[in-house]
Amino acid sequence: MDVALETEQLGKRYGKRWALQDCSLRLPTGRIVGLVGPNGAGKSTLLHLAVGLLRPDAGEVRLFGRSPYDNPAVLPDIGFVAQDTPLYRDFTAAELVQLGGRMNRRWDAALARERLAQLGIPPKLPVGRLSGGQRAQVALALALAKRPRLLLLDEPVASLDPLARREFLQSLMGSVTDSGTTVLLSSHLLADLERTCDHLVVLHSSRVRLAGAVDDLVDAHRQLVGPRHIGEPIAGVGTVVRARHTDRQSTLLARIDGVVDPEWTVHDVTLEDVILGYLADGETTVTRTDWEVPA
Amino acid sequence: MIWLTWRQHRRQALFTLVALLALAALMIPTGLMMRASYADKGLAECLRVLNAVQPDPGRAGPCSRALNQFADQFNSMSLLGVLFLVLPLIVGLFWGAPLVAREVEQGTHRFAWTQGIGRRQWALVKFGFVAVVAVLVAVVYGLGMSWWVAPLTGAAQQNRFDVFFFDMQGVTPIGYTLFAVALGICAGVYWPRMMPAMAVTLGGFIGLRILLTVLARPHYLPLETRAIPIEGTIGEPGGASGDWIIDKGIRDAGGTMVLPGAQAACGAESARPAGGRCPPLEEFGEGAYNWQLFQPADRFWLFQGIESGIFVALAAVLLYLAVRRIRRVA
């Protein structure tokens, strides 16, 4: 299994606060990887570390086996669309395509033009005057024109309306499925990722809560309903991710590792159930005492 | 990469060009006017007369009047020159400081630095381009200013070493401009926000300029002293020779300073009571002399070279620091 991106105990600190901590991941090539977590979970930090914009404060990150920080040799392998799709706003789309050709040795200008023409992006208008969706498409076209081995997109659809969002993701999928490009795509909205990703990383409070292939994740978890449960081990259950209790009954989200005790009713879960279970599990960084309100 | 730099900054370049043309439209006619008046009044010849050891009394009077006339007419022009003192700073603030700071503030560094070019190369090309343009602009206005200000420094007996006049002509504007741009770039790399970067540039530039001007410049080369006898002089020794007088005073025959900061002359004999002696000698004793501590006039270009050299060297250090630091910008 080839690995596109690998991190080991990776950490990044801003002042005293760790934006990312203890992050160990292996992303196989050819996957569409979703990076999900609430705002401030460390998604952008992880992506910036992966493309070499940030220097790790702990651990290491390797992109196709090479450290990306201060290493221009990895740049041809990555296509990166940063959050809010920053582009030179006074450049026209045509000029940006030209710019890419001058800043990259490998550059498929025809591909970019073809995409932009198909999407009806005006070539002679400064991109600052395009709509958010159009600008995101321009940024994506520029990233794809590099013909990268790994495409990283930081909240590419966050500023788009639902229709533009679906179109963007569809066009993204359409263009990477044939080329075998690995994609790492972050979002704070699960719905964006559910339909597109086959691999998932869940970040919360600067830590990785869950990572793996979507099918495996769904397969490994079950919802169990049974008598009130106070923490004793249950046969066939590996870990309890989340538990909710009423007076007489408990509902558990659990990773299972065998045949579950027949006392419990077992339900299949959706990807959303699993992710929400893990996100709810993460403690928040701001405590009630920070706000000086009673706990 | 050069294309990107040009495309990104062509509007700024255009503004700069327009501003330079506007300045030229102002300076060239006034410069020509001053030169015409200078030639009409025969001031070049007059200065030779007045600077002679024993001025010809017949010609000194009309010449002084002509000089005064010229000075009255054009002295306010030197205010225009002050504009050129701030020009390097403006270039530093609007070319240097935003170079990296604006990129980071708008997030476009994340786009630029993930293309195929490493950010060190990006920095070298950009800094180099802006520095070269700044130097070109500075050469134009530095040398243009030398041409423009020459009649003023000549006729108004403004010393070329005087703080404003030294700073706005010759090659020093090149050093100042390069330094201001480098300071702006470096500030933008260390504090990648527009406002802090501009504030640091403003404070740093003004602070260092004042510091060097006041403390260091008079001592770039060892000072020279001279003693001018008071005996038999009509007028006080002036600055007409173009020397930069740093300190002066009257010393008695033994060399003890009796009146710092002043100079004296006997004055015309006709103005004294018959048989009266030279008044300052009466006051300070026989053999008293005017003492001057100075930098000779012919060191002007040497001093220009030293001053610009210092600022160019500082600019080089700042640019080096900026290139080294660029990989840490997040």
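The values are calculated or read from the model by the stated rules, or taken from the named source; none is laboratory data. No experiment lies behind these values; they were computed from the predicted model shown. With ideal geometry, Cβ positions are generated from the backbone for all residues, glycine too; neighbour counts draw on all protein chains shown.
Out of the residues in segment A:1-45 that are small (Gly, Ala, Ser) and outside any loop (DSSP other than H, G, I, E, B), state the one that is nearest to A:Gln83 (Cα to Cα). Lay out the reasoning, then the answer.
So the first thing to find is which residues in segment A:1-45 are small (Gly, Ala, Ser), and the list is A:4, A:11, A:15, A:19, A:24, A:30, A:34, A:37, A:40-42, A:44.
Of the ones still in play, those that are also outside any loop (DSSP other than H, G, I, E, B) are A:4, A:11, A:19, A:24, A:34, A:44.
Working: A:Ala4: 21, A:Gly11: 20, A:Ala19: 16, A:Ser24: 23, A:Gly34: 15, A:Ser44: 8 Å.
Taking the candidates together, the pick is A:Ser44.
So, A:Asp178, is that one free of Cβ contacts under 8 Å to residues at least 12 places away in the same chain and acidic (Asp, Glu) or not?
yes
For segment A:71-89, which positions are of a type in the set (A, V, I, L, M, F, W, C) and facing another protein chain (nearest Cβ under 8 Å)? Explain how you work it out, then say what you get.
If we filter segment A:71-89 for residues that are of a type in the set (A, V, I, L, M, F, W, C), which is where we start, we get A:73-75, A:78, A:80-82, A:87.
Of everything in segment A:71-89, those that are of a type in the set (A, V, I, L, M, F, W, C) and facing another protein chain (nearest Cβ under 8 Å) turn out to be A:Leu75, A:Ile78, A:Phe80, A:Ala82, A:Leu87.
Here is a check on your reading of the model: is B:Thr108 polar (S, T, N, Q), surrounded by 13 or more Cβ atoms within 10 Å (Cβ to Cβ) and under 28 Å from B:Ala322 (Cβ atoms)?
Criteria met by B:Thr108.
Yes or no: B:Phe179 within 30 Å of B:Gly31 (Cβ to Cβ), in contact with a Phe, Trp or Tyr (Cβ under 6 Å, 6 or more places away or on another chain) and in a loop (DSSP other than H, G, I, E, B)? Step through it out loud before you land on a result.
Working: within 30 Å of B:Gly31 (Cβ to Cβ): yes; in contact with a Phe, Trp or Tyr (Cβ under 6 Å, 6 or more places away or on another chain): yes; in a loop (DSSP other than H, G, I, E, B): no.
Answer is no for this residue.
In this structure, does B:Pro173 turn out to be in a loop (DSSP other than H, G, I, E, B), over 29 Å from B:Leu50 (Cβ atoms) and at pLDDT below 95?
When the stated conditions are applied, B:Pro173 does not pass them.
Could you look through segment B:104-122, keep only residues that are out of contact with any helix residue (DSSP H, G or I) (no Cβ under 7 Å at 6 or more places or on another chain) and more than 7 Å from chain A (Cβ to nearest Cβ), and pick out the one that is nearest to A:Leu46 (Cα to Cα)? Spell out the reasoning first.
Of all residues in segment B:104-122, those out of contact with any helix residue (DSSP H, G or I) (no Cβ under 7 Å at 6 or more places or on another chain) come to B:104, B:106-108, B:110-111, B:121.
Restricting the remaining residues to those that are more than 7 Å from chain A (Cβ to nearest Cβ) gives B:104, B:121.
Numbers: B:Val104: 19, B:Gln121: 25 Å.
It comes out as B:Val104.
Of the residues B:Phe294, B:Phe303, only one is within 20 Å of B:Leu223 (Cα to Cα), in contact with a strand residue (DSSP E or B) (Cβ under 8 Å, 6 or more places away or on another chain) and part of a helix (DSSP H, G or I); which?
B:Phe303
Residues being of a type in the set (Phe, Trp, Tyr) and free of Cβ contacts under 8 Å to residues at least 24 places away in the same chain: count how many of those fall in segment B:31-51.
0
List pairs: first residue in segment B:287-308 and in the same structural domain as B:Asn159 (by TED's automatic domain parsing), second residue part of a helix (DSSP H, G or I) anywhere in the structure, Cβ distance under 6 angstrom, at least six positions apart or on different chains.
Short answer, once both residue conditions are applied: B:Gln304/B:Thr172; B:Glu307/B:Thr172; B:Ser308/B:Thr172; B:Ser308/B:Ile174; B:Ser308/B:Gly175.
For B:Ile310, indicate whether it is within 14 Å of chain A (Cβ to nearest Cβ) and assigned to a helix (DSSP H, G or I).
no
Just to be sure before I move on: is A:Thr92 at positive phi, within 12 Å of chain B (Cβ to nearest Cβ) and among the hydroxyl-bearing types (Ser, Thr, Tyr) in the structure I sent?
Numbers: at positive phi: no; within 12 Å of chain B (Cβ to nearest Cβ): yes; among the hydroxyl-bearing types (Ser, Thr, Tyr): yes.
Against the criterion (at positive phi, within 12 Å of chain B (Cβ to nearest Cβ) and among the hydroxyl-bearing types (Ser, Thr, Tyr)), A:Thr92 does not qualify.
Need at least 1 residues that are assigned by TED's automatic domain parsing to the domain that holds A:Gly37, more than 16 Å from the chain's Cα centre (by Cα) and under 22 Å from A:Leu75 (Cα atoms) per element, so show me which helices (runs of 4 or more DSSP H) inside segment A:87-194 make the cut, counting only ones lying wholly within it.
Output list reads A:93-103, A:109-118, A:132-145, A:162-176.
When you look at A:Val157, is it within 14 Å of chain B (Cβ to nearest Cβ) and either under 23 Å from A:Pro28 (Cβ atoms) or of a type outside the set (Gly, Ala, Ser) (or both), yes or no?
In short, no.
Evaluate the following for B:Gly107: is it at pLDDT 85 or above, part of a loop (DSSP other than H, G, I, E, B) and not acidic (Asp, Glu)?
So B:Gly107 passes the test.
Can you work out which of the residues in segment B:1-27 that are part of a helix (DSSP H, G or I) and in contact with a Lys or Arg (Cβ under 8 Å, 6 or more places away or on another chain) is farthest from the other protein chains (Cβ to nearest Cβ)?
Going through the qualifying residues, I end up with B:Thr5.
Given B:Val130, B:Val139, which one is at pLDDT 90 or above and in contact with a Phe, Trp or Tyr (Cβ under 8 Å, 6 or more places away or on another chain)?
Step by step, each of B:Val130, B:Val139 is checked, and only B:Val130 is at pLDDT 90 or above and in contact with a Phe, Trp or Tyr (Cβ under 8 Å, 6 or more places away or on another chain).
Name the single residue that is farthest from B:Trp3 (Cα to Cα) among those in segment A:105-137 being within 14 Å of chain B (Cβ to nearest Cβ) and surrounded by 20 or more Cβ atoms within 10 Å (Cβ to Cβ).
This residue is A:Ala136.
From B:Ala138, B:Ala101, B:Ala123, which residue is without any contact (Cβ under 8 Å) to a residue 60 or more places away in the chain, part of a helix (DSSP H, G or I) and out of contact with any Cys (no Cβ under 7 Å at 6 or more places or on another chain)?
B:Ala138
Listed residues A:Ala109, A:Ala136, A:Ala145, A:Ala141; which is touching a Pro at 6+ places or on another chain (Cβ under 7 Å) and aliphatic (A, V, I, L, M)?
After ruling out the rest, the residue left standing is A:Ala136.
Is it true that some residue in segment B:197-214 is under 24 Å from B:Leu14 (Cα atoms), touching a Ser or Thr at 6+ places or on another chain (Cβ under 6 Å) and not hydroxyl-bearing (Ser, Thr, Tyr)? Spell out the reasoning first.
Our first condition is that a residue be under 24 Å from B:Leu14 (Cα atoms); within segment B:197-214, this holds for B:197-198, B:201-202.
Now restrict to residues that are touching a Ser or Thr at 6+ places or on another chain (Cβ under 6 Å): none.
No.
Listed here are the residues, each with its yes/no results for (1) of a type outside the set (A, V, I, L, M, F, W, C); (2) within 25 Å of A:Leu160 (Cβ to Cβ).
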{"residue": "A:Gln9", "(1), (2)": "yes, no"}
{"residue": "A:Val33", "(1), (2)": "no, yes"}
{"residue": "A:Pro38", "(1), (2)": "yes, yes"}
{"residue": "A:Arg62", "(1), (2)": "yes, no"}
{"residue": "A:Asp77", "(1), (2)": "yes, no"}
{"residue": "A:Val81", "(1), (2)": "no, yes"}
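Determine which single condition A:Val61 fails, assuming it passes every other condition in (1) at pLDDT below 95; (2) within 30 Å of A:Ala211 (Cα to Cα); (3) more than 9 Å from every other protein chain (Cβ to nearest Cβ).
Failing condition for A:Val61: (1).
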